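Below: the structure, in C-alpha cells.
The values are calculated or read from the model by the stated rules, or taken from the named source; none is laboratory data. The structure displayed is predicted, hence computed values, not measured ones. In this analysis, Cβ positions are derived from the backbone assuming ideal geometry, glycine residues included, and neighbour counts consider all displayed protein chains. When the accessible area is computed, the model is the full protein with side chains, heavy atoms only, and any ligands, DNA or RNA have been set aside. Shrake-Rupley method; radii C 1.70, N 1.55, O 1.52, S 1.80 Å.
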Amino acid sequence: TLELITLATEMMVVLGLLAFTVFLFVSEIVRIDLAAILVMVLLGLIAQLPTMENVADVSHLFDGFASNAVISIVAVMIIGAGLDKTGIMSKVAALILKHGGKTEGRIIPIIS
C-alpha cells in the first residue's frame, strides 16, 4: 500500500527555499556565490522565527567553511576568475588550439 506523506510547515519552507535557490542558480540574477551565501543567511533568519526553530541549527550553519575541501574549491574559483580577468586564460587556450588543433582527441593529451 502507498502511504500518504503529509508535509509539515517546516518541510514546505525548506522546499520553498530550495526552489528559490534553484531559481537563483538557473536565472543567474545574482552571482552563484552570492546566491549560496544569501540562502544560508535566509535559512538562519528563518530558523529564528518563533515556529521555525526546527528548520536549521543556527549554531552549525556555517560549519562547512571549516572544511579544507570547501576552502580549496573556493580558492580554485578565485584563481580561475583572476586568470580569466587578466586574459591569461585566452592566451593559454589559443596556444592549446594552435598546437592541438580543434579536435578533442588532440586537445585532451595536451591538457592532461
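Checking the structure you have, find out if any residue of segment 73-91 is closer than 30 Å to T9 by Cβ and in a helix (DSSP H, G or I).
Quick first cut of segment 73-91, residues closer than 30 Å to T9 by Cβ only: none.
No, that holds for no residue.
Taking segment 31-56 only, how many residues are open to solvent by 100 Å² or more (accessible area, probe 1.4 Å) and assigned to a helix (DSSP H, G or I)?
Going through segment 31-56 one residue at a time, the tally reaches 1.
Can you tell me which residue is surrounded by the fewest Cβ atoms within 10 Å (Cβ to Cβ) among those in segment 1-28 that are among the charged types (D, E, K, R) and without any contact (Cβ under 8 Å) to a residue 40 or more places away in the chain?
E3
Are any residues in segment 57-93 of a type in the set (G, A, S), surrounded by 10 or more Cβ atoms within 10 Å (Cβ to Cβ) and either at pLDDT 85 or above or touching a Ser or Thr at 6+ places or on another chain (Cβ under 8 Å) (or both), and if so, which ones?
S67, S72, A75, G80, A81, G82, S90, A93
For segment 94-112, what are the residues that are open to solvent by 60 Å² or more (accessible area, probe 1.4 Å), not in a helix (DSSP H, G or I) and not basic (K, R)?
The answer is T103, S112.
Between a first residue in segment 82-98 that is closer than 15 Å to I108 by Cβ and a second residue that is among the β-branched types (V, I, T) and surrounded by 11 or more Cβ atoms within 10 Å (Cβ to Cβ), which pairs have beta carbons less than 6 Å apart while being 6 or more apart in sequence or on different chains?
I96/I110
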